[in-house]
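Worksheet: one structure, shown below.
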Amino acid sequence: MLKHLRQEVYEANLLLPKHGLVTFTWGNVSAIDRQKGLFVIKPSGVPYEELTPDDMVIMDLEGKKVEGKLNPSSDTPTHMALYQQFGSVGGIVHTHSRWATIWAQAGREIPPYGTTHADYIYGSVPLTRSLTREEVETAYELETGHVIAQHFAQAHLDPLAVPCVLVRSHGPFAWGSDAHEAVHNAVVLEEVAMMAWHTETLPREQPVERMPDYVMDKHYLRKHGPNAYYGQNK
């Protein structure tokens with residue numbers, strides 16, 4: 001079942017160590033088949049070098065395992081909640097990548113200081129609130145997804161324009177139209193997190209400022225707007 005999607009998710013998971021986004025097994029990728037209402041995700045705690053496509057676990061959107069011999073990632077309920085709330089999302093990545101996690105632990109959004117950021121993320125990388133004790137003790141991973149979705153709803157953020165988030169005291173999630181785009185956005189997030197940290201720590205005479213909105217608009221819209229002209233015509 002879902003052989004092609006299992007292969008895609010398997011390959012996308014292998015990109016996490018390739019791009020330096022994970023230590024040990026600290027990350028996972030999933031992707032969804034919207035027509036079937038099923039998603040595929042990495043099994044829990046299995047080293048990347050030991051994974052095979054057949055190890056990928058198939059889940060439904062109610063949290064039931066449909067197929068797979070291994071237990072799904074412990075973050076599966078978070079992925080499920082995001083697929084339920086973000087209908088445009090086709091793939092999700094969670095890691096504890098170094099630079100993005102530093103910002104999450106510091107309890108700070110990542111400001112849009114430059115055009116590299118604006119090419120992919122429209123505005124700051126958002127930061128969620130902390131989960132409550134009750135949320136953590138009753139359904140931690142599921143409530144993590146709810147807190148992310150709640151933040152986007154309250155802040156009127158478009159998940160397509162802002163394809164990533166920092167969960168306070170935890171780490172980053174990123175997403176895209178499929179598993180590979182989700183990994184791509186996770187790599188971008190890690191890079192802009194590193195750039196922003198160094199931007200703030202360099203000596204300077206004046207406080208660092210976010211880029212002007214008109215520059216952010218230009219860079220984001222030239223790739224993602226209705227009149228986008230970056231890249232080749234498709």
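The values are calculated or read from the model by the stated rules, or taken from the named source; none is laboratory data. Not measured: the values here are computed from a predicted model. Here the Cβ is made from the backbone with ideal geometry for all residues, glycine too, and neighbour counts use every protein chain on show. Just the protein is used for accessible areas: all its heavy atoms, side chains included, with ligands, DNA and RNA removed. Shrake-Rupley method; radii C 1.70, N 1.55, O 1.52, S 1.80 Å.
On a per residue basis, segment 53-170 carries 44 Å² of accessible surface, using protein heavy atoms and a 1.4 Å probe.
Let me check something: with ligands and nucleic acids excluded, how do 83, 230, 10 order by accessible area (1.4 Å probe), largest to smallest?
Per-residue accessible area, sorted high to low, gives 230, 10, 83.
Mean residue ellipticity, 222 nm, helices only, the chain: the sum of -39500 (n - 2.57) across DSSP H runs of n ≥ 4, divided by residue count and rounded to 500, is -13000 deg cm²/dmol.
Distant-in-sequence amide contacts of residue 38, defined by a placed amide H-H separation under 5 Å and a gap of 5 or more residues or a different chain, comprise 33. Highest-first packing order for the peptide set 104-112, 185-193 is 185-193, 104-112, based on the mean count of other beta carbon atoms within 10 Å. Computed FRET efficiency, Cβ-Cβ of residue 206 and residue 156, R0 25 Å: what is it to the nearest 0.05? That gives a FRET efficiency of 0.20. Output needed: percent of Cα pairs per 10 Å distance bin for the chain, bins running from 0 to the one holding the longest distance. The calculated distribution, bin by bin, is 8, 32, 36, 19, 4, 1.
Computed from Cα atoms, the angle from the helix 76-85 axis to the main principal axis of the chain rounds to 60 degrees.
Obtain the nm distance between the two label points defined at residue 44 and residue 65 by a simple spin-label model: each point lies 7 Å from its Cα along the Cα-to-C-beta direction. Once both label points are built, they end up 0.9 nm from each other. Simple spin-label estimate for residue 85 and residue 222 gives 3.4 nm between the two label positions (7 Å along the Cα-to-Cβ direction from each Cα).
Assuming R0 = 41 Å, what is the FRET efficiency of residue 130 and residue 7, from their Cβ-Cβ distance, to the nearest 0.05?
Efficiency at R0 = 41 Å is approximately 0.65.
Computed in the context of the full set of protein chains, the accessible area of the chain at 1.4 Å probe radius has 51% of its extent on carbon or sulfur. Helix 3-18 and the longest principal axis of the Cα set of the chain meet at an angle near 50°. Viscosity 1.306 mPa s, temperature 10 °C: what is the translational diffusion coefficient of segment 56-95 from Stokes-Einstein with a Kirkwood Rh over Cα pairs, rounded to a whole number of µm²/s? Result for D is 148 µm²/s.
Taking the chain as the region of interest, the number of lysine pairs whose Cα atoms are within less than 24 Å, with members eight or more places apart or on different chains, is 15. Could you work out the relative contact order of segment 147-234? I mean the mean sequence separation of Cα pairs under 8 Å and 6+ apart, divided by the number of residues, in percent. Normalised by residue count, the contact order of segment 147-234 is 12 percent.
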